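Here the structure comes first, spelled out in structure tokens, and everything after it is commentary.
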Amino acid sequence: MLLILVSCKDFSNFTVQGVVAGAIDQTVYLEYSGLGGTTTLDSVKLKQDGKFTFKHKRPEYPDFYRLRLKNHLIHFSVDSTETITFMADANTFATSYTVEGSENSKAIKEIALAQLDANHEIHKLRESFGMKLIPDTTYQNSVMKAVKSYKEIAKKYIFGAPMSPAAYFALFQQIDGLWFFDLYDKNDSKAYAVVATSYLAFYPKNQRTKQLENLALQSLKVTRGERNISYDIHKVKEVDFIDIELPDINGNMIKLSDVAKNKTVLVNFTAHQTNWSLQFNVILNELYEKYKNSGFQIYQISLDNDENFWKNAVYRFPWVCVRDPQSIYSSIAAMYNVRQLPALFLLNKKGVMFKRIDSMDSFENDIKSIL
């Protein structure tokens, strides 16, 4: 009898089941969250009882999936779990659900809710800042406080169980394309390193392990000021820096890669409508005049939302000045993981990202070290 029962078990598949109240005639989707994007695996139109059941092939390694109802998402992971059960309400689908059968998925819920809280808070701050209701220093400090709150939750799993899917999930949460854990920050670099090391030990052949290993190495190279770094984690082609093409005050599109030919370039994200901008630009001017004859150039990206103010502020500057019209929603700033201004990056004369400058006190020495 025992042999018959065991033989009836389906160990090749996992089951996701549950109930969504108040969702009659709505469709719930089972989706796979892969490195290359999201794939829909199955769907079911809910009846009056709200019940659903999905069966799918179990992944070789712990992996990530989600349930979607309209634009509301429940994230979860599958490892050795055979059946995961969710209970949710259509009106609070992504926030007040319960999950049984997967401890990692319970942890992922806590992480996802922390991400949603930070996301909500930062968007409120951006609206206030855009309407000039709060000064830039208040905006920056409040954003960093929201980021810190999320990271306190995430670090419990990253450093407490770095081999777990929850740790991986916590590491890669974003807001508007910006990772909470900064690849170029010395403290955050430790988070990438500990998860990568654990995955390498537990899942050496997992494709996510290779991704983590590459990111951890890139992070270490940048924080240690080394060279030959690729910032593209999904493509095979490697790049030495993320190129930028933005308009100058005359509307001409200026590419960073063109400016960087045979030059040491200081890439600076800034905003001129700030109380520190005038003094900061005085420092930049002194550096530019001092080192311009040694092949030094500045590529300054403004995130000011007032174009006329920016033009009036920079029209006499001797270096390259461009502006991102997306302002604080800049996707370019997000790719460079810019969290606060001013942000400074150095490219050497070979067009290779040399380092991110962390301290205003030492960045002249950083410039001199590659000139």
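Numerical summary
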item	result
Matching residues, the range 38-55, being part of a strand (DSSP E or B), over 24 Å from Met163 (Cα atoms) and either of a type in the set (Ser, Thr, Tyr) or open to solvent by 60 Å² or more (accessible area, probe 1.4 Å) (or both)	Thr39, Thr40, Asp42, Ser43, Lys45, Lys51, Thr53, Lys55
Test: Ala260 is at pLDDT below 90, within 30 Å of Asn285 (Cα to Cα) and open to solvent by less than 20 Å² (accessible area, probe 1.4 Å)	yes
Among residues of the range 288-316, those that are in contact with a Pro (Cβ under 9 Å, 6 or more places away or on another chain) and closer than 17 Å to Lys132 by Cα, counted	2
Lone unmet requirement of (1) open to solvent by less than 10 Å² (accessible area, probe 1.4 Å); (2) touching a Pro at 6+ places or on another chain (Cβ under 8 Å); (3) of a type outside the set (Lys, Arg) for Asn285	(1)
Verdict on Ile84 being open to solvent by less than 40 Å² (accessible area, probe 1.4 Å), part of a helix (DSSP H, G or I), at pLDDT 95 or above and in contact with a helix residue (DSSP H, G or I) (Cβ under 7 Å, 6 or more places away or on another chain)	no
Qualifying position, being under 23 Å from Ile249 (Cβ atoms) and open to solvent by 20 Å² or more (accessible area, probe 1.4 Å), among Tyr291, Tyr336, Tyr329	Tyr329
Filtered residues of the range 172-211 (kept if of a type in the set (Asp, Glu) and either open to solvent by 20 Å² or more (accessible area, probe 1.4 Å) or in contact with a Lys or Arg (Cβ under 6 Å, 6 or more places away or on another chain) (or both))	Asp176, Asp185
Looking only at the range 152-190, and only at residues there that are acidic (Asp, Glu) and touching a Phe, Trp or Tyr at 6+ places or on another chain (Cβ under 9 Å), the one that is nearest to Ala216 (Cα to Cα)	Asp188
The range 87-105, residues that are assigned to a loop (DSSP other than H, G, I, E, B) and farther than 13 Å from Lys70 by Cβ	Thr95, Ser96, Tyr97, Gly101, Ser102
Test: Phe129 is crowded, with 17+ Cβ neighbours inside 10 Å and part of a strand (DSSP E or B)	no
Positions within the range 18-37 being loosely packed, with under 15 Cβ neighbours inside 10 Å and part of a strand (DSSP E or B), in sequence order	Thr27, Gly34, Gly37
Residue tally, condition loosely packed, with under 14 Cβ neighbours inside 10 Å, modelled with pLDDT of 75 or more and not in a helix (DSSP H, G or I), over the range 351-370	0
Test: residue in the range 89-105 that is surrounded by fewer than 17 Cβ atoms within 10 Å (Cβ to Cβ), without any contact (Cβ under 8 Å) to a residue 12 or more places away in the chain and in contact with a Lys or Arg (Cβ under 9 Å, 6 or more places away or on another chain)	no
Leading residue by the ranking (modelled with the lowest pLDDT) among those in the range 294-324 that are open to solvent by 10 Å² or more (accessible area, probe 1.4 Å) and among the polar types (S, T, N, Q)	Asn305
Checking Arg68 against (1) in a loop (DSSP other than H, G, I, E, B); (2) under 28 Å from Gln211 (Cα atoms); (3) charged (D, E, K, R), the condition it does not meet	(1)
Any hit, the range 136-157, residues being in contact with a helix residue (DSSP H, G or I) (Cβ under 8 Å, 6 or more places away or on another chain) and closer than 19 Å to Glu213 by Cβ	no
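Every residue, every condition in (1) within 15 Å of the chain's Cα centre (by Cα); (2) over 24 Å from Val338 (Cβ atoms), yes or no:
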{"residue": "Asn91", "(1), (2)": "no, yes"}
{"residue": "Lys109", "(1), (2)": "no, yes"}
{"residue": "Glu121", "(1), (2)": "no, no"}
{"residue": "Lys124", "(1), (2)": "no, no"}
{"residue": "Phe129", "(1), (2)": "no, no"}
{"residue": "Leu133", "(1), (2)": "no, no"}
{"residue": "Tyr150", "(1), (2)": "yes, no"}
{"residue": "Ala161", "(1), (2)": "no, yes"}
{"residue": "Tyr192", "(1), (2)": "yes, no"}
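The values are calculated or read from the model by the stated rules, or taken from the named source; none is laboratory data. In this text the structure is predicted, and so the values were computed from the model without any measurement. When we count neighbours, we look across all protein chains shown, and the Cβ atoms used for this are built from the backbone with ideal geometry, even at glycine. Remember, those area values only see protein heavy atoms, side chains included, never the ligands or the DNA or RNA. Shrake-Rupley method; radii C 1.70, N 1.55, O 1.52, S 1.80 Å.
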